[in-house]
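Engineer: First, the structure itself, so that you have it in front of you.
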Amino acid sequence: MLPEFIENVAPNVRRLVCPMGKAGSVNGWIIGSGATLIVDGGVPGAEASARWDQAEQADVVGAVEAILCTHMHRDHSGQIPRLVARHGVPLLMTEAEHRKVVAASEASTEQRQTDLTSFLIRQGVAPAEARSTAPPDYSVLASFPRDYQPLDDGMTVTIAGRAWRVLTGGGHSSKGACLISEDGQLMVAGDQILGGTGPHITVGLDEPEADLLSAYFDFLGRLADLPDTMLVLPGHGSAFRSLPAHALALRKGHQRRLDRLKARLDGAMSCTEMAPLVFTQQAMRHFGYLVPGMALSLANHLWHRGELQRHEDDDGVWRFASA
């Protein structure tokens, strides 16, 4: 009998649900029969590690052939060092994501705090609140593997008895990796495509002027011709189908937020002031310190398009106004 946190989603496709505390849960995926592919692993810590141990004891994992880390965020990369060391197999991820997780793991606590505080103040967060907001701790990933096999868009890899085409995209992260089976049956999506309202698109402190929404719109557009019957294996939540229609719905949702921001913008506003114009209170409570960066993704998109103008006030806060 399978542990309650493992779900048989399709033949030779199993979902391992890892807890994330108040943030919910994240998926690990075990794909294949005999030779298997592990996708992501959960947050760092003993609880997620114990779930992978129980999966092995239940003979769910099989003979691991490779491990895919779809992107660098802690909830996906947190168990990767342990899993790679345990199974002694290649790690697959894009160069951009690998570079960022290694850099994050090597940054000092003081530097990460300084960088986050400065970024939040620039987005209009009160200095005292900004200084009290702790950045995510990537130092626990200091042992992240330096050796890996880089993935790039359009390349083909054969793992776990299937040929897969690599599809990369930006928006949620720098260059997240997805795998699409050549038979059109499966898509390993990471957080590039999620059910519901999709992934958060958040400008980070390393690229504060980036237009992440344009990158994400480009990615969504590439999904239009994929089969409706394809089973999508997301980084969070249940597997789903009807991908092209869902991708279109996600784009429309972002466009509604852009339209709402343009309609409600009142003078020159910071991202902290703009956030309640476009996000619900529930969403703002859930995403916490990410909210200013989420608002910045909308503002930057309109700024790059010439629909907003930006200036920095005397306190070092970026303010956006209608052009």
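The values are calculated or read from the model by the stated rules, or taken from the named source; none is laboratory data. These numbers were taken from a predicted model, which means no experiment stands behind them. Because the Cβ atoms are built from the backbone with ideal geometry, glycine has one as well, and the counts that use them run over all protein chains shown.
Engineer: Can we say A177 is within 15 Å of the chain's Cα centre (by Cα), among the hydrophobic types (A, V, I, L, M, F, W, C) and within 25 Å of G45 (Cα to Cα)? Talk me through it step by step, then tell me what you get.
Structural biologist: Working: within 15 Å of the chain's Cα centre (by Cα): yes; among the hydrophobic types (A, V, I, L, M, F, W, C): yes; within 25 Å of G45 (Cα to Cα): yes.
Here the answer is yes, as A177 does meet what is asked.
Engineer: Could you tell me whether any residue of segment 249-262 is in contact with a helix residue (DSSP H, G or I) (Cβ under 9 Å, 6 or more places away or on another chain), surrounded by fewer than 21 Cβ atoms within 10 Å (Cβ to Cβ), farther than 30 Å from C178 by Cα and not basic (K, R)?
Structural biologist: No; the residues of segment 249-262 include none that is in contact with a helix residue (DSSP H, G or I) (Cβ under 9 Å, 6 or more places away or on another chain), surrounded by fewer than 21 Cβ atoms within 10 Å (Cβ to Cβ), farther than 30 Å from C178 by Cα and not basic (K, R).
Engineer: Might you let me know whether segment 105-116 holds any residue that is buried (at least 22 other Cβ atoms within 10 Å of the Cβ) and at pLDDT 95 or above? Give the steps one after another, and end with the answer.
Structural biologist: Taking segment 105-116 as the starting set, the residues that turn out to be buried (at least 22 other Cβ atoms within 10 Å of the Cβ) are none.
The answer is no, given that none of the residues of segment 105-116 is buried (at least 22 other Cβ atoms within 10 Å of the Cβ) and at pLDDT 95 or above.
Engineer: Considering only residues of segment 121-141 that are within 20 Å of the chain's Cα centre (by Cα) and of a type outside the set (V, I, T), which is surrounded by the most Cβ atoms within 10 Å (Cβ to Cβ)?
Structural biologist: Of the residues in segment 121-141, the ones within 20 Å of the chain's Cα centre (by Cα) are 134-141.
Within this subset, residues satisfying the condition of being of a type outside the set (V, I, T) are 134-139, 141.
Details: A134: 11, P135: 19, P136: 14, D137: 13, Y138: 24, S139: 14, L141: 21.
So the residue we want is Y138.
Engineer: A further question on this structure: List the strands (runs of 3 or more DSSP E) that sit entirely inside segment 1-61 and contain at least 1 residues that are farther than 20 Å from V84 by Cβ. Break it down stepwise before answering.
Structural biologist: On the way: elements: 6-10, 13-19, 25-31, 35-39.
Hits in segment 1-61: 6-10, 13-19, 25-31.
Engineer: Another question about this same structure. Find the helices (runs of 4 or more DSSP H) located wholly in segment 216-299 whose residues include 3 or more that are of a type in the set (G, A, S) and closer than 26 Å to E7 by Cβ, and list them.
Structural biologist: 243-264
Engineer: May I ask you to list the residues in segment 18-74 that are touching a Ser or Thr at 6+ places or on another chain (Cβ under 7 Å) and either at pLDDT below 95 or under 21 Å from A160 (Cβ atoms) (or both)?
Structural biologist: To start, the set of residues in segment 18-74 that are touching a Ser or Thr at 6+ places or on another chain (Cβ under 7 Å) comprises 18-19, 30, 39-40, 61-65, 69, 71-73.
Within segment 18-74, C18, P19, I30, V39, D40, V61, G62, A63, V64, E65, C69, H71 meet the criteria.
Engineer: Restricting attention to segment 87-110, report how many residues are touching a residue at least 24 places away in the same chain (Cβ under 8 Å), within 22 Å of A160 (Cα to Cα) and either assigned to a helix (DSSP H, G or I) or more than 20 Å from the chain's Cα centre (by Cα) (or both).
Structural biologist: Going through segment 87-110 one residue at a time, the tally reaches 3.
Engineer: So is V60 under 15 Å from the mean Cα position of the chain (by Cα) and either surrounded by 24 or more Cβ atoms within 10 Å (Cβ to Cβ) or within 20 Å of L231 (Cβ to Cβ) (or both) or not?
Structural biologist: no
Engineer: State the number of residues belonging to segment 111-161 that are among the acidic types (D, E) and part of a helix (DSSP H, G or I). Steps first, please.
Structural biologist: First, pick out the residues of segment 111-161 that are among the acidic types (D, E): 115, 129, 137, 147, 152-153.
Now drop any that are not part of a helix (DSSP H, G or I), which leaves 115, 129.
Qualifying residue count, segment 111-161: 2.
Engineer: Can you tell me how many residues within segment 15-29 are in contact with a helix residue (DSSP H, G or I) (Cβ under 8 Å, 6 or more places away or on another chain) and crowded, with 22+ Cβ neighbours inside 10 Å?
Structural biologist: Residues that pass the stated criteria total 4.
Engineer: Quick one: which residue in S238, S297 is closer than 30 Å to W29 by Cα, surrounded by fewer than 21 Cβ atoms within 10 Å (Cβ to Cβ), hydroxyl-bearing (S, T, Y) and out of contact with any Pro (no Cβ under 8 Å at 6 or more places or on another chain)? Before you say what the answer is, go through the steps one by one.
Structural biologist: Values: S297 fails: surrounded by fewer than 21 Cβ atoms within 10 Å (Cβ to Cβ).
Answer to the check: S238.
Engineer: Test G198 against the criterion of being out of contact with any Lys or Arg (no Cβ under 6 Å at 6 or more places or on another chain), under 30 Å from R222 (Cα atoms), touching a residue at least 40 places away in the same chain (Cβ under 8 Å) and in a loop (DSSP other than H, G, I, E, B), and give yes or no.
Structural biologist: Working: out of contact with any Lys or Arg (no Cβ under 6 Å at 6 or more places or on another chain): yes; under 30 Å from R222 (Cα atoms): yes; touching a residue at least 40 places away in the same chain (Cβ under 8 Å): yes; in a loop (DSSP other than H, G, I, E, B): yes.
Criteria met by G198.
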